[in-house]
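**Q** I am attaching a structure below and will ask some questions about it afterwards.
Every number here is computed from the coordinates shown, using simple stated rules; none is lab data. Here the structure is a predicted model, which is why all the values come from computation and not from measurement. For neighbour counting, all protein chains shown are included, and Cβ atoms are generated from backbone atoms with ideal geometry for every residue, glycine included.
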Amino acid sequence: MSDLKQDLARLKTAFDEAITEAMSSSAVEQLKVQFLGKKGEMTSILRGMGALSAEERPAAGQLANQVREHIEAKLESALTALKEKEKDLRLKHEKIDVTMPGVRQFQGARHPLTKVIDEICGIFLGLGFTIAEGPEVELDEYNFELLRIPEGHPARDTQDTFYITDKMVLRTQTSPVQIRVMKEQQPPIKIVCPGKVYRSDALDATHSPIFHQIEGLVVDKGVTMGDLVGSLQLFARQLFGEKTQIRLRPHHFPFTEPSCEVDITCWNCGGSGCRTCKGEGWIEVLGAGMVHPGVLRNCGIDPEVYSGFAFGIGVERTAMGRYGIDDIRNFYENDLRFLRQFR
Ligand SMILES: [Zn+2]
């Protein structure tokens, strides 16, 4: 009995010392396990109860209970006090000083190519066009054949085009979107098709294997070359300024007849000649023409009833001219020093 009494007294003293040194609620939780847990010190002392006589047991049990209650009460009050203290400390840390100057966040901005695409599409939306999109992996049939670019045509050379299979390519132009729309829908059609296109070109200052185009297509009854010229004139003035003039030069494309290349008066010198326009006064911006009757027929549209015009604009070239960028690679390298200039 006296052994057990001593053990309990030692336990109480050890606990009282330990609890005064516990500085956090987690330390108090640990003491609870150490002293009162299933494998704790109290349990191992109480195991000794079995050796006591029946007369000794009640007094020993009472003493053990007193010590246990003492420990439990102290644990409880220490835990409450420490938790309160910890909460105060946390609140103090989390307090925000609203008078402190803010941290400036870098705001993202649209990529210069996206800006030019949005601007060009915006102009045509204003003219009543809608936007049409299509897949970048395209059927050879839609990218070439139905656009009157037959097998053996130099544009289909593996040197110029990425082939996925014999019948499938990475589209070299956004024209197959026009094919898709014309095959699905009878006129009137009035669309612009923005998107990525692919050519098997080596990357240099003016060439990239991936670039962006915006093509436009109008098909309806009685559409003439005059409508094409009027639309492009309006577009050029909105994009490059009110005084901009356009000039058409005869050209050849397989999918339009007649075809032309379109120049605008230089945005830098206004036509008198400077370095930007290499002294010409004019800058080539797009290709256009009247949709070839064969293309209409290929898509199930009767060329005796309907006619149309189409045009294609290179986005990179337009953006380079617009912002005075001399190397196409700047658009794709994700250099923040370059991109931040367009915020
Ligand atoms: Zn010029």
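**Q** Looking at the range 106-117, can you tell me whether even one residue there is touching a residue at least 40 places away in the same chain (Cβ under 8 Å), surrounded by fewer than 15 Cβ atoms within 10 Å (Cβ to Cβ) and at positive phi?
**A** no
**Q** Of the residues in the range 238-286, how many are in a strand (DSSP E or B), of a type outside the set (V, I, T) and either within 16 Å of the ligand (Cβ to nearest atom) or surrounded by fewer than 20 Cβ atoms within 10 Å (Cβ to Cβ) (or both)?
**A** Count: 13.
**Q** Just one of the numbered conditions (1) loosely packed, with under 12 Cβ neighbours inside 10 Å; (2) closer than 29 Å to V295 by Cα; (3) of a type outside the set (D, E); (4) in contact with a helix residue (DSSP H, G or I) (Cβ under 9 Å, 6 or more places away or on another chain) is not true of G128; which one?
**A** (4)
**Q** Next up: So V305 clears everything in (1) in contact (Cβ under 8 Å) with a residue 60 or more places away in the chain; (2) within 16 Å of the ligand (Cβ to nearest atom) except one condition, right? Which one?
**A** Condition not satisfied by V305: (2).
**Q** Next up: Name the residue that is nearest to the ligand (Cβ to nearest atom), counting only residues in the range 222-237 that are buried (at least 19 other Cβ atoms within 10 Å of the Cβ) and over 30 Å from E141 (Cβ atoms). Please lay out each step first, then the result.
**A** Here is the first cut: in the range 222-237, the residues buried (at least 19 other Cβ atoms within 10 Å of the Cβ) are 223, 228, 231-232, 235-236.
When the remaining residues are screened for being over 30 Å from E141 (Cβ atoms), the result is 235-236.
On the way: F235: 20, A236: 15 Å.
By that ranking, first place goes to A236.
**Q** Just for the range 183-209: of the residues that are among the basic types (K, R) and more than 18 Å from Y332 (Cα to Cα), which one is surrounded by the fewest Cβ atoms within 10 Å (Cβ to Cβ)?
**A** Ranking the qualifying residues of the range 183-209, first place goes to K183.
**Q** Could you please find all residues in the range 151-163 being surrounded by 11 or more Cβ atoms within 10 Å (Cβ to Cβ) and out of contact with any Leu (no Cβ under 7 Å at 6 or more places or on another chain)?
**A** H153, A155, R156, D160, T161, Y163 - these are the residues of the range 151-163 that are surrounded by 11 or more Cβ atoms within 10 Å (Cβ to Cβ) and out of contact with any Leu (no Cβ under 7 Å at 6 or more places or on another chain).
**Q** So, in the range 1-26, exactly how many residues are under 60 Å from the mean Cα position of the chain (by Cα) and without any contact (Cβ under 8 Å) to a residue 12 or more places away in the chain?
**A** Within the range 1-26, residues that are under 60 Å from the mean Cα position of the chain (by Cα) and without any contact (Cβ under 8 Å) to a residue 12 or more places away in the chain number 3.
**Q** Enumerate the pairs (first residue in the range 324-343 and over 20 Å from D118 (Cβ atoms); second residue anywhere and among the aliphatic types (A, V, I, L, M) and outside any helix (DSSP H, G or I)) with beta-carbon separation below 9 Å, excluding pairs fewer than 6 apart on the same chain, so at least 6 apart or on different chains.
**A** Note: pairs meeting the criteria are D326/A205; D327/A205; R329/L203; R329/A205.
**Q** Could you tell me which of the residues G289, G300 is assigned to a loop (DSSP other than H, G, I, E, B), away from the ligand (no atom under 16 Å from the Cβ) and not basic (K, R)?
**A** G300
**Q** Also, I was wondering about something else. Is it the case that some residue within the range 225-235 is assigned to a helix (DSSP H, G or I) and closer than 23 Å to F331 by Cβ?
**A** Yes - at least one qualifying residue is present in the range 225-235.
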